[in-house]
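First comes the structure, then the notes that go with it.
Any read-out appearing in this document is the output of simple, stated calculations on the displayed coordinates, not a laboratory observation. Because the structure is predicted, anything quoted here is derived from the model rather than measured. Because the Cβ atoms are built from the backbone with ideal geometry, glycine has one as well, and the counts that use them run over all protein chains shown.
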Amino acid sequence: MKDIQSKNPYNGTIIDTYTQDTEETLHSKLQKALNIEASWGNTAVEDRCDLLSKVADLLLERKEQYAELMTKEMGKPISQSISEIEKCAWACDFYALNAEDFLADELISTDADESFISYDPLGCILAVMPWNYPFWQVIRFAAPTLTAGNTALLKHAENVTGCSFAIQQLFLDAGYPEGCFQSVVAGHDKIENLIANNGIKAVTLTGSEKAGKAIAKTAGENLKKTVLELGGNNACIVWEDADLEKYMDIMVTARMQNTGQSCIAAKRFIVCEEIYDAFLEKFIAKVKALKIGDPMDEETFIGVMAREDLADTLQKQIDASIEKGATVVLGNDRNGAYFSPSILTHVTADMPIFEEETFGPVAAVIKAKDRKEAIAMAVDSRFGLGSMLFTEDIDEAFHMVSKIPDGAFFVNEMVKSDPRLPFGGTKASGYGRELSREGILEFVNKKTVYIKK
């Protein structure tokens, strides 16, 4: 059984080495979760919220420490890592404030003397999480799921194993009982066996379409509920009346934040031809101005990709698109895990950078004849995570809500997650919702209680 190494993608330094869990170790961790399940599920919601508030406090106290770990393990620019930790604290505060209301019995008027819906925890939930937002992806699952009275096992991406154990210790330090939240280090075969175990009641995954299908298959064979947040190919639609001066920085950030490694990033910029030339000129200038360098430098906006193989994949997608006629107007330079911010034009629907998810700092810019064609191009995707529209015609933008089949539609803003709003996708982007009231109710038993006296 091969050890797992955490490696800094910027300088190649080995950060730490971890031993994978054996089947016996995994069984022991699951058993520990099951042993605490009843007492944790019967803990008052108010007390669970108090513990979550302590998590929020610790996140803010330790944000530099956690941000540095994140940056070293997967290359995120340090300023963005700090923002990620602050967002995690926000989510914890949100659920600490609102969980009691979300989980309160819902009275329903029927023929019974008393009838209501009770929201009870399911038990132990397995979370399979990715490397691109090592703390946020976990916290947005764990905060509502634990507060609903469930326990959790986390299988994090191998290259952020240090973050995984840091989060486990975070919950322990906040006062959560041992076994409430545990990290596991295991390969796919062991995870499949874990899903099949009767102790696991449901599974959530944030990751690739391929991983989602594999998890869903195993979970389905064992009649386990799943929530899947998978890839995205978000469109940034720019109508001819868009205020480029006002919103260009947002559009650039929508593609280039986290070095382009985000499922909700704007990947296809679909621009009405009346404004296309002006958009492209301003977009290129803004991307050129982004500070590139050491991820530990507070001024850096573009660092390195999380692993060299990810840069290899991105290069292949660009090369295949160029072969089909795409034009590079900026970038397409790489060195190891570094990939320069890149912009391609003359992009058509049969090219990888249009039809696939591109996970890195490359933007495809497509010219549309008019608003109608721009919307048609935007929805021409297997994915359905989110779309954004930039326009001054808000009345017409409202009419587009029903025409965009995605999980999110943002007007004059980039698609982003917010604890107050549900987050998730449609089509190949998955199903189920995280965050908001919908997120905390994903892993509860919505029990009907009917009483006649």
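Between the stretch 249-292 and the stretch 326-392, how far is it from one alpha carbon centroid to the other, in angstrom?
9 Å
Rounded, prolate or oblate for the stretch 140-280? Axes are the square roots of the Cα gyration tensor eigenvalues, ordered a ≥ b ≥ c, and the cut-off for rounded is a/c under 1.5.
Prolate, since a/c reaches 1.5 and a/b exceeds b/c.
Give me the number: length gained by fully extending I117 to I394, i.e. 0.36 nm times residue separation minus the C-alpha to C-alpha distance, one decimal in nm.
On the way: separation 277, 0.36 × 277 = 99.72 nm, distance 3.90 nm.
Additional length available on full extension: 95.8 nm.
Given a cut-off of under 8 Å on Cα pairs at least six residues apart, what relative contact order in percent is computed for the chain?
Numbers: 1007 pairs, mean separation 85.8, N = 453.
Across the chain, relative contact order equals 19 percent.
For F339, which sequence-distant residues (separation of 5 or more, or a different chain) have an amide H within less than 5 Å of its own amide H, given hydrogens modelled in the peptide plane?
For F339, the qualifying residues are M305.
Just flag the GluC sites (Glu not before Pro) in the stretch 1-61 sitting in loop per DSSP whose Cβ has no more than 15 other Cβ atoms within 10 Å.
Numbers: sites: E23, E24, E37, E46, E61; in loops: none.
Listed in order of number, the matching sites amount to none.
List the pairs from K2/K213; K76/K416; K201/K416; K416/K446; K87/K217; K87/K225 whose alpha-carbon separation is above 22 Å, in the order I gave them.
Working: K2/K213 25 Å; K76/K416 17 Å; K201/K416 29 Å; K416/K446 29 Å; K87/K217 32 Å; K87/K225 27 Å.
Where the Cα-Cα span goes over 22 Å, the pairs concerned are K2/K213; K201/K416; K416/K446; K87/K217; K87/K225.
Taking only Cα atoms, what is the 0 to 90° angle, nearest 10, from helix 78-103's long axis to the longest principal axis of the chain?
The angle comes out near 40 degrees.
What does the extension gain come out to for H27 and S53, with contour length at 0.36 nm per residue minus their alpha carbon separation?
On the way: separation 26, 0.36 × 26 = 9.36 nm, distance 3.05 nm.
Fully extending the segment from H27 to S53 adds 6.3 nm.
Which percentage, to the nearest 5, of the DSSP beta bridges contained in the chain is antiparallel?
Values: 24 of 64 bridges.
Expressed as a percentage, antiparallel bridges in the chain total about 40.
How far is it, in nm, from the label point at R382 to the one at K403 when both lie 7 Å from their Cα along the line to the Cβ?
2.6 nm
Looking at the stretch 124-202, which GluC sites (Glu not before Pro) are DSSP coil and have at most 15 other C-beta atoms within 10 Å of their C-beta?
Working: sites: E158, E178, E192; in loops: E178.
Hits after loop and neighbour filter: E178.
Output the antiparallel fraction of DSSP beta bridges having both residues in the stretch 234-418, as a percent to the nearest 5.
Of those bridges, close to 20 percent are antiparallel.
Can you list the residues, at least 5 places off or on another chain, whose amide H is less than 5 Å from the amide H of D370, using H built in the peptide plane?
Long-range HN contacts for D370: E273.
Between K217 and S83, how many nm apart are label points set 7 Å from Cα along the C-beta direction?
3.8 nm
Determine the relative contact order of the stretch 234-418: mean sequence separation of Cα pairs under 8 Å and six or more apart, normalised by residue count, in whole percent. Mind showing how you got there, number by number?
Numbers: 366 pairs, mean separation 57.0, N = 185.
Value for the stretch 234-418: 31 percent.
Specify which labelled value, from [x] 20; [y] 33; [z] 25, agrees with percent of Cα pairs over 38 Å apart derived from the coordinates of the model shown.
Checking each listed value against the structure points to [z].
Where does the chain land at 222 nm, in deg cm²/dmol rounded to the nearest 500, when only DSSP H runs of n ≥ 4 count, each adding -39500 (n - 2.57), divided by all residues? If you can, show how the numbers build up before the last one.
Numbers: 15 runs with 191 residues, N = 453.
Calculated from helices alone, the mean residue ellipticity at 222 nm is -13500 deg cm²/dmol.
What do you get for trypsin sites (Lys or Arg not before Pro) in the stretch 1-72 restricted to DSSP loop and a cutoff of at most 12 other Cβ within 10 Å of the site's Cβ?
Sites meeting the loop and neighbour criteria: K2.
Would the stretch 234-418 count as rounded, prolate or oblate if I go by the C-alpha gyration tensor, calling it rounded below 1.5 in a/c and otherwise prolate when a/b exceeds b/c, oblate otherwise? The partial results should precede the final answer.
On the way: a/c = 1.63, a/b = 1.44, b/c = 1.13.
It is prolate, given that a/c is not under 1.5 and a/b is the larger ratio.
Round to the nearest 10 and give me the degree value, 0 to 90, for the angle of helix 136-147's Cα axis relative to the longest principal axis of the chain.
So the helix axis and the longest Cα principal axis differ by about 30 degrees.
What's the FRET efficiency of I292 with N193 using the Cβ-Cβ distance as r and R₀ = 51 Å, to the nearest 0.05? Spell out each step's value before the answer.
Values: r = 44 Å, r/R0 = 0.85.
For R0 = 51 Å, the calculated efficiency reads 0.70.
5 Å is the cut-off here: which amide hydrogens, built 1.01 Å from N in the peptide plane, fall below it relative to F410, excluding neighbours closer than 5 in sequence?
Hits under the 5 Å cutoff: S387, M388, L389.
If each residue's Cβ is checked for other Cβ atoms within 10 Å, how do C180, C49, C272 rank with the fewest at the top? List each step's numbers first, then the result.
Working: C180 25, C49 19, C272 22.
Ranking C180, C49, C272 by Cβ neighbours within 10 Å, fewest first, gives C49, C272, C180.
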